[in-house]
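One structure below.
The values are calculated or read from the model by the stated rules, or taken from the named source; none is laboratory data. This structure is a prediction, so every number in the text was calculated from the model and none was measured. Note that each Cβ is placed from the backbone with ideal geometry, even for glycine, and that neighbours are counted across all protein chains shown.
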Amino acid sequence: MQTTTAQQTEAGRHSTTAADHPPRRLFTLPNFAERHSGFITLAAVTNQVFKAKARQSTKGEIPGNGMEEAGVIVRLNGRVLIDEDRYFAWVDAQQVSK
């Protein structure tokens with residue numbers, strides 16, 4: 001009886017492993033722009049990444065566009081990568097509902 005209860009308890013647990021989650025779709029800026037060439041250019045996505053962080057101007061601080069906070073930008077070994085799913089979630093969040 002104890003083994004049956006232990007098996008039921010073990011089956012009821014939800015383990016979170018890497019196999020449970022699909023891999024993130026990360027792209028370099030040129031690859032992302034090429035993949036979505038009908039939507040965005042390399043210059044535009046580079047500009048979005050540049051404006052992701054808050055920066056100073058002569059008139060004060062300019063807030064970032066929210067890409068950093070949304071987890072869109074992944075920096076790895078000196079490379080800038082875009083998480084495709086989070087990018088489009090960020091784009092959806094930018095839409096103003098009427």
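Tabulated values for the structure
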item	result
Residue ID - modelled with the highest pLDDT, chosen from residues in segment 52-68 that are charged (D, E, K, R) and exposed (fewer than 11 other Cβ atoms within 10 Å of the Cβ)	Glu61
Residue in segment 5-17 that is at pLDDT 55 or above and not acidic (Asp, Glu) present	yes
Evaluation of Thr46 against (1) loosely packed, with under 10 Cβ neighbours inside 10 Å; (2) at pLDDT 95 or above (one fails), failing number	(1)
Contacts under 8 angstrom Cβ, first residue in segment 26-38 being more than 15 Å from Gln48 (Cα to Cα), partner among the aromatic types (Phe, Trp, Tyr), 6 or more apart	Arg35/Phe27
Cross-chain or 6+ apart pairs with Cβ under 8 Å, segment 70-98 first and part of a loop (DSSP other than H, G, I, E, B), then hydrophobic (A, V, I, L, M, F, W, C)	Val72/Ala52; Val72/Ile82; Val72/Trp90
Residues of segment 56-98 classified as over 14 Å from Val45 (Cβ atoms) and within 12 Å of the chain's Cα centre (by Cα), total	8
